[in-house]
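Participant: One structure, pasted below without further comment.
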Amino acid sequence: MNRIVCALALLVLIAAPTLASASYTVTNLNATVALNKNTSAQVSEILTLKISNVSINQYSTDRVAFNLTLSNWQLLIGPVLTQHIINPRAPSYNFKFLPGPVTGYGDIQTAELFMSYTVPNVTTVNQTAPRTFVYSLNPAIFNFEQGASGGVLSPNTTLNIDVPAGATIKSVYPLADIPAYGFEKNYTNVTSLTWDKGEPLSKFALVYTTNEGIQDEVLGFLDSAYNALGGFTYVIIAAIIVLFIVYTYLKAVY
């Protein structure tokens, strides 16, 4: 019995160095939040890993295991592999996850894990004029590291936020690292903002406005009418068109 125990202990000691050296090190996280006019956001995250030589084969094996879920990868990588933009009151959707191939040479081997999803209601919107809308980002959507004063961007982390096309940025806090000239020029013609590691997020603020054209306003009205009345909307529109044609015809005849 003692011989068996000693043999098992010897096997553990032999295997221990191999297990200890098998590791993945997170070197960078890049999160991009593309804000939509409907208050949702399309999020793309890229997690860059440094892979030890003894882990390359295991990573490549796990990568082609299509039944390996995100929770399985979280056990392999750690808690940093998670959705960093969330809505506490509504789940995300359109979730996609893709582990990329191993690249590099020699002792420097890396791989990227790609994740994308849609988060609803990340902004609130108020109409301040017939075709003018003011959007405010909800700071509760951030799911990064917690510091002494609240949320903070984790080390080796970059956060990018893209406002909708045509939007005008009114205020930002904390000041974006890119573009560096943004604050001095009142963020004129700026549509993308970037913050690097260490930036505080607990009092994060981003306010921007959008202006709709008449065509967008009409389409929005028709969409609202359809949501309220369903298919009967088309009957009403058809009736209005017929009445307009009859009115035009009678006016021309008489």
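Nothing in this text is a laboratory measurement; each read-out follows from the coordinates by a stated rule. Model, not experiment: these values are computed from the prediction.
Participant: Read phi for every residue in region 67-78 and hand back ³J(HN,Hα) as whole Hz from Karplus 6.51 cos²θ - 1.76 cosθ + 1.60, θ = phi - 60°, with x for Gly and Pro.
Facilitator: 8, 7, 8, 4, 4, 5, 5, 5, 5, 7, 8, x
Participant: Search the structure for amide H atoms under 5 Å from the amide H of Gly100, placed 1.01 Å from N in the peptide plane, and list their residues when 5 or more places away or on another chain.
Facilitator: When sequence neighbours closer than 5 places are left aside, the close amide H contacts are Glu112, Leu113, Phe114.
Participant: While we're on this one: Collect residues whose amide H, placed 1.01 Å from N in the peptide plane, falls under 5 Å from the amide H of Gly151; neighbours closer than 5 in sequence don't count.
Facilitator: Under 5 Å from the amide H of Gly151 lie the amide H atoms of Leu201, Ser202, each far enough along the sequence or on another chain.
Participant: Separate question: Stretch Thr61-Asn38 to full length: gain in nm at 0.36 nm per residue minus the Cα-Cα span?
Facilitator: Once the chain is fully extended between Thr61 and Asn38, it gains 4.2 nm.
Participant: Could you compute how fast region 23-211 diffuses translationally, taking Rh as the Kirkwood radius over C-alpha pairs and applying Stokes-Einstein at 4 °C with viscosity 1.567 mPa s? Give it in µm² per second.
Facilitator: For the chosen part, D equals 72 µm²/s.
Participant: Structure shown: which of Lys37/Lys197; Lys37/Lys170; Lys96/Lys197 lie over 21 Å apart, alpha-carbon to alpha-carbon?
Facilitator: Flagged as over cut-off: Lys37/Lys197; Lys96/Lys197.
Participant: Between Asn72 and Arg131, what is 0.36 nm times their sequence separation minus the Cα-Cα distance? Round to one decimal in nm.
Facilitator: Result: 16.5 nm gained on full extension.
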